[in-house]
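Below is one structure; the comments refer to it alone.
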Amino acid sequence: MSDSKSFFGNPDPIFADKELLRVSHLPQGDRIIGRDDELQSLAKAIKDAQRGGTPNNVLIYGKTGTGKSLCSKYITRDLADAAAENDVKVGIAYVDCFQESTETQTVRTIARSLNDPDQTDVTVPHSGVSTSDYYRRLWDILDSRLDVGIIILDEIDKLDGDNVLMQLSRAAEAGKVNKSTLGIIGISNKIRYKDTLNERVKSSLSERDFVFPPYDAGQLRAILRSRADAFREDVLAEDVIPKVAALAAREHGDARKAIDILRYAGEIADEHGTDTVHVEYVDEAHEREEQARLSELISKQPTHSRYLMLALALRTQETSEETPMIPTKQIYSAYQIVCDREGTEPLKMRRVRDLLSELAFLSLIEQDRKGRGKGKGAHTVNELVDDPELVSEACQSTR
Ligand SMILES: Nc1ncnc2c1ncn2[C@@H]1O[C@H](COP(=O)(O)OP(=O)(O)OP(=O)(O)O)[C@@H](O)[C@H]1O
């Protein structure tokens, strides 16, 4: 075999451990930068669970990449370790509510994460079980193997309705669980999320609220430096980390963005066949990151929001204006054509206006009010934030 050709044999010239640059990587506590106060506050909110008591329910807000998921996962794991020393069993369930948005999916995921069939004799099948049966199994699992269950609901605003929150927050009070207690950590980018909840859920869910601020360039540099061992020694040119940190700081201090740009810069160096990540690669890495982020964000939008983005991209491409501001009416006519092509009934204008405001809230588009002249009222105009070609590509690749 020694003279046979292998495509996998050569060591990676750039990366020593690329996993350190994946979003899924959970760094150790001493590698979590600039979040001491937030970790302290979270610890205080849930500390009663360490002795088997009921933790406070917590809501965490903040823009993307501000360490909300990371700190929630880290602190709950730390709590479970500390509780184990007191012979208290803490189980942690993490739910990505964007992926698991229905009540059934959410309860099933929680039950599956907390279960250990060897200890509980309870099974949690993927299908064929009613929602109420999933709940029954979850309560059995909690009481038979845990003292405390902590449930992290990431992107909690994506849940369909409040029912699951109502059930979870009232489990002990309603006598569903008798020996164990439950705590919820909800995470959201939407600062006004709480206003959408009914009063009963609101008061029990947000016993403690925290807002995670964006990172500044110094913190982003420190976060990137703490991951520099993802690269082989001396591979990163000196200015790479400061430049990446400055770019990410300019765009709302997003650590995810910073880490992604650094990883792309390494991949570009690899594609060039060099063994140095030059600072010149950072701009291209930034573009790749933007494109990937845009595709991901667009793919997460409901179908008709994607059609509207495409309609706006098409209208933008048609005009010769330098900063095209497209009236909602013009988007609507292009949207009708897109729907026709897709064989779907278009939504009414009023709903379209709502979807456009949601897209503006997500910063995918910008909106403004423009007067039509004296006495003629005002109308809304819309502008794409990103390049229309990129947007139209992203919309069509995620159809
Ligand atoms: N303080 C930090 N120290 C080290 N790494 C960090 C820090 N904050 C965030 N990161 C890293 O940045 C990435 C994004 O963080 P995280 O997913 O926690 O952000 P988030 O606020 O939950 O964002 P989103 O709302 O998009 O889920 C992860 O890879 C995480 O490990």
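The values are calculated or read from the model by the stated rules, or taken from the named source; none is laboratory data. Every value quoted in this text rests on a predicted model; they were computed, and no experiment measured them. Cβ sites come from the backbone with ideal geometry, for glycine too, and all protein chains shown count toward neighbours.
A few notes on this one:
- Tally of residues being surrounded by fewer than 24 Cβ atoms within 10 Å (Cβ to Cβ), within 15 Å of the ligand (Cβ to nearest atom) and assigned to a helix (DSSP H, G or I) across the range 224-246: 4
- The range 337-351, residues that are surrounded by 11 or more Cβ atoms within 10 Å (Cβ to Cβ) and within 31 Å of the chain's Cα centre (by Cα): Val338, Cys339, Glu342, Thr344, Pro346, Leu347, Met349, Arg351
- In the range 22-41, the residues that are within 8 Å of the ligand (Cβ to nearest atom) and among the hydrophobic types (A, V, I, L, M, F, W, C): Val23, Leu26, Ile32, Ile33
- On inspection, Val88 passes the criterion of being surrounded by fewer than 19 Cβ atoms within 10 Å (Cβ to Cβ), in contact with a helix residue (DSSP H, G or I) (Cβ under 9 Å, 6 or more places away or on another chain) and farther than 19 Å from Asp36 by Cβ.
- Among (1) free of Cβ contacts under 8 Å to residues at least 24 places away in the same chain; (2) more than 16 Å from the ligand (Cβ to nearest atom), the one test that Glu100 misses: (2)
- Residues satisfying the criterion are present in the range 321-338 (criterion: without any contact (Cβ under 8 Å) to a residue 40 or more places away in the chain and assigned to a loop (DSSP other than H, G, I, E, B)).
- Cβ-Cβ contacts under 7 Å between residues 6 or more apart (or on different chains), taken from a first residue in the range 130-146 that is of a type in the set (Lys, Arg) to a second residue that is part of a helix (DSSP H, G or I), are listed as Arg137/Ala111; Arg145/Gln119; Arg145/Thr120.
- Assessment of the range 306-328 against the conditions (within 16 Å of the ligand (Cβ to nearest atom), under 23 Å from Val385 (Cα atoms) and of a type in the set (A, V, I, L, M, F, W, C)) yields no matching residue.
- Those residues of the range 247-265 which are surrounded by fewer than 17 Cβ atoms within 10 Å (Cβ to Cβ) and within 12 Å of the ligand (Cβ to nearest atom), in sequence order: His252
Rundown of residues vs (1) touching a strand residue (DSSP E or B) at 6+ places or on another chain (Cβ under 8 Å); (2) at pLDDT 95 or above; (3) not assigned by TED's automatic domain parsing to the domain that holds Lys63, yes/no style:
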position	(1), (2), (3)
Thr323	yes, no, yes
Ala334	no, yes, yes
Phe361	no, no, yes
Asp368	yes, no, yes
Gly371	yes, no, yes
Gly377	yes, no, yes
Val391	yes, no, yes
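- Residue within the range 299-318 that is part of a helix (DSSP H, G or I) and at pLDDT below 90 present: yes
- Any chance Asp275 is surrounded by fewer than 23 Cβ atoms within 10 Å (Cβ to Cβ), outside any helix (DSSP H, G or I), of a type outside the set (Gly, Ala, Ser) and in contact (Cβ under 8 Å) with a residue 60 or more places away in the chain: yes
- Output for the range 1-24, where each listed residue is within 27 Å of the chain's Cα centre (by Cα), at pLDDT below 90 and surrounded by 12 or more Cβ atoms within 10 Å (Cβ to Cβ): Val23
- Residues of the range 268-296 satisfying the condition of being within 19 Å of Ser226 (Cα to Cα) and under 28 Å from the mean Cα position of the chain (by Cα): Val282
- Summed over the range 205-228, the residues that are touching a strand residue (DSSP E or B) at 6+ places or on another chain (Cβ under 9 Å) and closer than 25 Å to Val58 by Cα give a count of 10.
- Residue match in the range 204-217 (condition: out of contact with any Pro (no Cβ under 8 Å at 6 or more places or on another chain) and either free of Cβ contacts under 8 Å to residues at least 24 places away in the same chain or within 30 Å of Asp121 (Cα to Cα) (or both)): no
- A single member of Glu271, Glu284 is under 24 Å from Asp239 (Cα atoms) and in contact with a Phe, Trp or Tyr (Cβ under 9 Å, 6 or more places away or on another chain), and it is Glu284.
- Residue ID - nearest to the ligand (Cβ to nearest atom), chosen from residues in the range 181-216 that are aliphatic (A, V, I, L, M) and buried (at least 16 other Cβ atoms within 10 Å of the Cβ): Ile187
- Leading residue by the ranking (nearest to the ligand (Cβ to nearest atom)) among those in the range 60-96 that are farther than 17 Å from Gln40 by Cβ and among the aliphatic types (A, V, I, L, M): Val95
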